[in-house]
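Working notes, structure below.
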Amino acid sequence: LIYKLENTYYILDTKTNSKYASFEIENTNFGDYESTAYATWVLSEIGKKELLHTWPYLKTNLRENILVDRALLLLIANNLGESNSNYVEFLTEMQNNFTGYWDDGNVFNTAFITFALKKDSKSSNSVNSAIEWLEGEQNSNQGSTKFGSWNNDIRDTSMAIYAITSSATTTKFKSNYCGDKIVNGIEE
């Protein structure tokens, strides 16, 4: 089986001593592009690289105008040890330089892209700018039932909190929560 991706050819080779050969082709996607991208990212995060047959599919079917797709590919590329510079460069170029957000002020997308860029030391200015914008978007009206949220939406709020507090060397904000459910030292 020969598969071509840009200028790279992939060959799956199986030896057999008969006229017929049978081989198994793993799924190259999980339904649609977005589902495949998220599933691939999660599998790469938990170290299940041997289950990933989706990387060529994701790179060749990239949806050009969906910035979260680039962020997902950046995260996957980092986990697979692949080159990520074109994703980083594209995302930093697409950021609104005046406000710090991406995708016309979409909180979830800005937070997700911020999270993805945190692992790249060259992106600290973009990350810090986005975090400042995200903090300004949080509902600060203490008399409101929506106080502390982003858009009164659990998805936006969760991603914004995660992007702001997740640890990375490129941001000035750090979380004092390690995740083991035991409070030690300065942990919250």
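FYI, it's all coordinate maths here, none of it is from the lab. Being a predicted model, the structure only gives us computed values, none of them experimental. Cβ sites come from the backbone with ideal geometry, for glycine too, and all protein chains shown count toward neighbours.
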Candidates per trypsin sites (Lys or Arg not before Pro) in the stretch 39-90, loop by DSSP, up to 15 other Cβ within 10 Å = Lys48, Arg63
request  = Determine ³J(HN,Hα), in whole Hz, for all residues of the stretch 84-90 in sequence, where each value follows from phi through the Karplus function 6.51 cos²θ - 1.76 cosθ + 1.60 and θ = phi - 60°; x replaces Gly and Pro.
outcome  = 10, 4, 5, 6, 4, 4, 4
message = Among 71-77, 154-160, how do they line up by average Cβ neighbours within 10 Å per residue, starting with the highest?
response = 71-77, 154-160
task = Could you work out how far the C-alpha centroid of the stretch 54-71 sits from that of the stretch 107-128, in angstrom?
result = 18
message = Using +1 at the C-beta of Lys and Arg and -1 at the C-beta of Asp and Glu, which of Ile154, Ala130, Phe98 has the Cα lying farthest in the positive direction of the dipole of the stretch 37-162?
response = Ile154
inquiry  = For the stretch 28-122, which GluC sites (Glu not before Pro) pass both filters: DSSP loop (anything but H, G, I, E, B) and at most 14 other C-beta atoms within 10 Å?
reply    = Glu64, Glu82
remark   = A chain fully extended from Asn152 to Leu51 at 0.36 nm per residue, minus the present Cα-Cα distance, gains in nm 32.7 nm
request  = Quick one: what are the phi-derived ³J(HN,Hα) couplings along the stretch 120-136, Karplus 6.51/-1.76/1.60 with θ = phi - 60°, whole Hz, x for glycine and proline?
outcome  = 9, 5, 6, 9, 4, 5, 5, 4, 5, 5, 5, 5, 4, 5, 4, 4, x
task = Compute the length gained on full extension between Leu62 and Met94: take 0.36 nm times their separation in residues and subtract their Cα-Cα distance, giving the result in nm to one decimal.
result = 9.9 nm
query = the stretch 26-119: which chymotrypsin sites (Phe, Trp or Tyr not before Pro) are DSSP loop and have at most 13 other beta-carbon atoms within 10 angstrom?
reply = Phe98
